[in-house]
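Each remark here refers to the structure printed beneath this line.
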Amino acid sequence: MVVEQIVPEEIVYQRPRSLVECATHYCPGCTHGVAHRIIAEVIDEMGLREHTIGVASVGCSVFAYNYFDFDWVQAPHGRAPAMATGVKRVLPDRMVITYQGDGDMASIGMTEVVHAAARGENITVFFINNANYGMTGGQMAPTTLPGQKTTSSPHGRDVELAGYPIRASELLATLEGAAYVVRRSLHDPKNIRLAKKAVRTALEVQRQGLGFSMVEMLSICPTNWGMSPNQALQWLAEKMIPYYPVGDYRVSPSVAQLKV
Amino acid sequence: MPVQGRVVISELYCKGCELCVGACPQEVLRLSTERITSKGYHPAELAGEGCTGCGICAVVCPEAAITVYRQVIRRSTAAVGA
Amino acid sequence: MARELLKGNEAIAEAAIRAGLQAYFGYPITPQTELLEWMAHRMPELGRAFVQAESELGAINMVYGAACTGARVMTSSSSPGISLMMEGLSYIAATEVPAVLVDVMRGGPGLGNIAPAQSDYNQMVHGGGHGDYHTIVLAPATIQEAIDLTVLAFDLAEKYRSIAVVLLDGSLGQMMEPAELPPMRPVRQTFPAWAATGAAGRERNVLTSIYLDPPKEEEANLRLLRRWQEIQANEVRFREYFMEDARFVVVGFGSAGRVALSAVRQARAEGIPVGLLRPISLSPFPTRQIAALCERAEAFLVVEMNAGQMLEDVRLAVNGKRPVEFYGRMGGVMPFPDEILGEIRRLAAGEASFEGHPRDRWLQRLTGSN
């Protein structure tokens, strides 16, 4: 016979060790927090907390270093991949990650990230795409969708004047040095789980020295989009994903063999 | 009988964004109308029976504010007549 | 070590390597490129880091990252490239991490040309990047001095957690001269306690330049300032020539100082009691030493390969006590000793003046009008 023994209860989820015990400055519902959390979870699960050096960027995530309980340096706007290169070349056995928003990485820092990827720099970039400049109050970013209203495209992004949004993952995926470039979304539990798996793969790519890795995460900015957080999730799913499809854009042959 | 669970939502972190409320498959989460956090938010809370400890709320929570507990059922095969 | 015939750029590169350089990041630009090429050849064979960056902006931020690990790190460039690095320099200064920069100056402004100039003086000595910060600036006049100051730059950068600049013009970078390289120092195997190297068995380290709270930022500024006062008190360097009985003093740094020395020698042969003070540390500047010379000098002549940048620092030191004259060449033109000799003769003939600004008087002599 089968005996069922009911143990009163067990913790099935708790705050990861790699997050500092303090409240963030992010607005309510901002999925920067989700990205932080899954990165911290993976770093805990892989036992990397004491071997990781983060490179913070400029934008809403400027204070990322306040929230992760490991070593951080703070880069000038857009330069995180260059700074990460400097750290990694001196300390090749440490894990070096950058955490950058779309203004930081896809606008002012496009040169640095393209060349870090082209060199096959063995770093991991976490790229948060929320289709606007959050910290400065919701201006047009290189990722702002055609027609999307922002404080610097008050009538909606006019592609005749401001051009089209940049699909950073697709762009970086053309580079030989890039080993793992994927886009994920943080708008529902299933996609968050897939994003976490990608974070894990990216860090495994770095741990094994396979080259440049990047996980783009579609993210919401309820405050600047002028929506409730739950409305913003829906907007992301309906408006952003058609322009920025979730998917694997570059998985080098060596990465394809990884068991994560 | 479904597995029983419960969640503890830290008021240090919770900003009342309602993402957990929207994601909860059992619809047992809501924002407290009575409590207010030190930052001035109405925190999320468990309202009533039915939490299974599935952890979806914790997956979507941007603040890592939720600790999830769940009953554990350990199944073992016992020898008959022992 | 024996003296050997060495090219300036290569001598500086090898000196840095022997000083225990762990990482070099740079970008090609004339007249500095041989330095980068030497590093490209030497660093990988020694198992040390070398990256040819995508731009000077990339290079300085790689330096910033490596400096945050406490490693011995440097970059080098020339004037337009240095302009591009200013962002990183301000951040490095604010984060209080040590780094060495070599600026092999060329003619400017703008793209200018690739001939030797000293027109980055203000940019290096009086800031360049935003905010209140100072860098240590060392100006060699010979290849041997370039070697010695490069080694010193690393030691000072680390001692004061500061940026140390070796500032020279393109002629010194390109010329060959006999010089002696230092012995190879071992690369340091440990990291300073403040460095970001992974929080293994200790509290995490965060290296940043942001202090949103103004009183905290003011505190950081005060910390930088106090350290700078310490540098001012301890690290002034200069060299004097024929100064024992000098009644006229020429002040010039780097190659201009070197050409001025030839002129001073010729003037001495003519019986003019003139000496040369050659600042080696442009920052901190030998202000006190120049001020003290006012007791016995009748007049000063400042010689530069720019439109009178160090001139203003000499004027501040002299503080109106003695007349100061200026002679400069610009745009990549080097002065000849004869031109400077002519200026020394004017001084000796009592033609030095208090009237107006020395730059205006010089312009008038140069072009016949203001």
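Of note:
To keep it simple, each residue is scored yes or no on (1) more than 14 Å from chain B (Cβ to nearest Cβ); (2) in contact with a helix residue (DSSP H, G or I) (Cβ under 9 Å, 6 or more places away or on another chain); (3) among the charged types (D, E, K, R).
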| site | (1), (2), (3) |
| --- | --- |
| A:146 | yes, yes, no |
| A:153 | yes, yes, no |
| A:159 | yes, no, no |
| A:162 | yes, no, no |
| A:178 | yes, yes, no |
| A:193 | no, yes, yes |
| A:211 | yes, yes, no |
| A:220 | no, yes, no |
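- Residues in region A:166-179 that are open to solvent by 10 Å² or more (accessible area, probe 1.4 Å) and not polar (S, T, N, Q): A:166, A:167, A:170, A:171, A:173, A:175, A:176, A:177.
- Within region C:319-335, being under 18 Å from residue C:277 (Cα atoms) and either open to solvent by 30 Å² or more (accessible area, probe 1.4 Å) or touching a Cys at 6+ places or on another chain (Cβ under 6 Å) (or both) holds for C:319, C:321, C:322.
- Search result, residues across region B:24-63 that are surrounded by 15 or more Cβ atoms within 10 Å (Cβ to Cβ) and among the basic types (Lys, Arg): B:30
- Residue within region C:250-263 that is in a loop (DSSP other than H, G, I, E, B) and either farther than 18 Å from residue C:145 by Cβ or at pLDDT 95 or above (or both) present: yes
- Identification of helices (runs of 4 or more DSSP H) wholly contained in region A:48-156 with 2 or more residues that are touching a residue at least 12 places away in the same chain (Cβ under 8 Å) and closer than 21 Å to residue C:52 by Cα yields A:80-90, A:110-118.
- Checked against the criterion of being without any contact (Cβ under 8 Å) to a residue 40 or more places away in the chain, open to solvent by 10 Å² or more (accessible area, probe 1.4 Å) and polar (S, T, N, Q), region A:14-36 contains one or more residues that satisfy it.
- Test: residue in region C:22-37 that is within 10 Å of chain A (Cβ to nearest Cβ), in a strand (DSSP E or B) and surrounded by fewer than 24 Cβ atoms within 10 Å (Cβ to Cβ): no
- Any hit, region C:212-225, residues being in the same structural domain as residue C:20 (by TED's automatic domain parsing) and open to solvent by less than 30 Å² (accessible area, probe 1.4 Å): yes
- Among residues of region C:94-120 that are under 18 Å from residue C:282 (Cβ atoms), those with a beta-carbon under 8 Å from a residue that is surrounded by fewer than 24 Cβ atoms within 10 Å (Cβ to Cβ) and hydroxyl-bearing (Ser, Thr, Tyr) at least six positions away or on a different chain give the pairs C:105/C:119; C:106/C:30; C:108/C:119; C:116/C:171.
This table checks each residue for (1) in contact with a helix residue (DSSP H, G or I) (Cβ under 7 Å, 6 or more places away or on another chain); (2) facing another protein chain (nearest Cβ under 7 Å); (3) open to solvent by less than 20 Å² (accessible area, probe 1.4 Å).
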| site | (1), (2), (3) |
| --- | --- |
| A:6 | no, yes, no |
| A:39 | yes, no, yes |
| A:56 | yes, no, yes |
| A:66 | no, no, no |
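- Selection status of residue C:204, at pLDDT below 95, over 24 Å from the mean Cα position of the chain (by Cα) and not in a strand (DSSP E or B): no
- Those residues of region A:157-173 which are within 25 Å of residue A:27 (Cβ to Cβ), part of a loop (DSSP other than H, G, I, E, B) and touching a residue at least 24 places away in the same chain (Cβ under 8 Å), in sequence order: A:165, A:166
- Scoring residue A:43 on the criteria (1) open to solvent by less than 10 Å² (accessible area, probe 1.4 Å); (2) touching a residue at least 24 places away in the same chain (Cβ under 8 Å); (3) facing another protein chain (nearest Cβ under 8 Å) leaves a single failure, condition (3).
- Qualifying residue in region B:6-23 (condition: open to solvent by 60 Å² or more (accessible area, probe 1.4 Å) and without any contact (Cβ under 8 Å) to a residue 24 or more places away in the chain): no
- Annotation note: of A:89, A:79, the sole residue that is under 10 Å from residue C:62 (Cα atoms), of a type outside the set (A, V, I, L, M), touching a Leu at 6+ places or on another chain (Cβ under 8 Å) and at the interface with chain C (Cβ under 8 Å from one of its Cβ atoms) is A:79.
- Scanning region C:202-227 for residues that are under 26 Å from residue C:22 (Cα atoms) and either more than 7 Å from every other protein chain (Cβ to nearest Cβ) or of a type in the set (Asp, Glu) (or both) returns C:202, C:203, C:224, C:227.
- Checked against the criterion of being at pLDDT 95 or above, of a type in the set (Val, Ile, Thr) and within 29 Å of residue C:216 (Cα to Cα), region C:48-58 contains not a single residue that satisfies it.
- Elements of type strands (runs of 3 or more DSSP E) in region B:10-82, at least 2 residues being on the phi < 0 side of the Ramachandran plot and at the interface with another protein chain (Cβ under 7 Å from one of its Cβ atoms): B:66-77
- Within region C:38-80, the set of residues being open to solvent by 30 Å² or more (accessible area, probe 1.4 Å), under 25 Å from residue A:51 (Cα atoms) and assigned to a helix (DSSP H, G or I) comprises C:44 only.
- Among the residues of region A:183-200, the one identified as in contact with a strand residue (DSSP E or B) (Cβ under 6 Å, 6 or more places away or on another chain) and either more than 29 Å from residue B:18 (Cβ to Cβ) or surrounded by fewer than 17 Cβ atoms within 10 Å (Cβ to Cβ) (or both) is A:194.
- Against the test of being in contact (Cβ under 8 Å) with a residue 60 or more places away in the chain, over 17 Å from residue C:231 (Cα atoms), assigned by TED's automatic domain parsing to the domain that holds residue C:230 and open to solvent by 10 Å² or more (accessible area, probe 1.4 Å), the options C:87, C:145 yield a single qualifying residue, C:145.
- When C:278, C:322, C:315 are screened for being closer than 15 Å to residue C:256 by Cα and among the basic types (Lys, Arg), only C:278 passes.
- Subset of region A:56-80 (residues that are out of contact with any Gly (no Cβ under 7 Å at 6 or more places or on another chain) and closer than 23 Å to residue A:177 by Cα): A:56, A:75
The values are calculated or read from the model by the stated rules, or taken from the named source; none is laboratory data. Owing to the predicted nature of the structure, the values given are computational and were not obtained by experimental measurement. As a convention, Cβ positions derive from the backbone with ideal geometry for all residues, glycine included, and neighbour counts pool all protein chains shown. With ligands, DNA and RNA removed, areas are computed over all heavy atoms of the protein, side chains included. Shrake-Rupley method; radii C 1.70, N 1.55, O 1.52, S 1.80 Å.
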